[in-house]
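Written out below as structure tokens is the structure these notes cover.
The values are calculated or read from the model by the stated rules, or taken from the named source; none is laboratory data. On a predicted model such as this, the values are computed, not experimentally measured, just so you know. Cβ placement follows ideal geometry from the backbone for every residue including glycine, while neighbour counts extend to all protein chains displayed.
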Amino acid sequence: MGLLDGLAGQVLGQMAGGGRGQGNQLMQLALGLIQSGGLSQLLAKFQQAGLADQAASWVGTGQNMPISADQMKAALGSGTIADIAGQLGMSQDQAAGGLASMLPQLIDQLTPKGQVTEGSAVESGLAALAGKLLG
């Protein structure tokens, strides 16, 4: 599982009191955010929150720019973060921080050629990532 194991481990290290199961659940919820409205719609939320440069770096082939937990809350909305935190039994700050670590890397993995593609390419990429996660 390589990438996903490393990613879940990194996020778990940042989540006080979190377990491996919470990291995997957070990853599933992050994949769900991408899948629910499409990658373009999710990226648009970051652009609208003034984070266009960060979002572009995740899609591009260069280094991913970081995003803070507060920026994640601003982009996704406090309701979304509260829902995720509630499902995982953690604070909103922990959930936002975990997503801030995980989501840029997931988007990066779904756009290996530096371009956003919708439809079957993203769906197959999500399926592959989910398969590795659950495998």
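Here the condition is being at pLDDT 90 or above, part of a helix (DSSP H, G or I), loosely packed, with under 15 Cβ neighbours inside 10 Å and of a type in the set (D, E, K, R); of Asp5, Asp53, Asp93, it holds for Asp53 alone.
Taking the residues in the range 35-50 that are without any contact (Cβ under 8 Å) to a residue 60 or more places away in the chain and among the small types (Gly, Ala, Ser) as candidates, determine which candidate is surrounded by the most Cβ atoms within 10 Å (Cβ to Cβ). Result: Ala49.
For the range 78-92, what are the residues that are within 13 Å of Leu33 (Cβ to Cβ) and in contact (Cβ under 8 Å) with a residue 24 or more places away in the chain? Within the range 78-92, Thr80, Ile84, Gln87 meet the criteria.
Scanning the range 37-85 for residues being among the hydroxyl-bearing types (Ser, Thr, Tyr) and more than 15 Å from the chain's Cα centre (by Cα) gives a total of 2.
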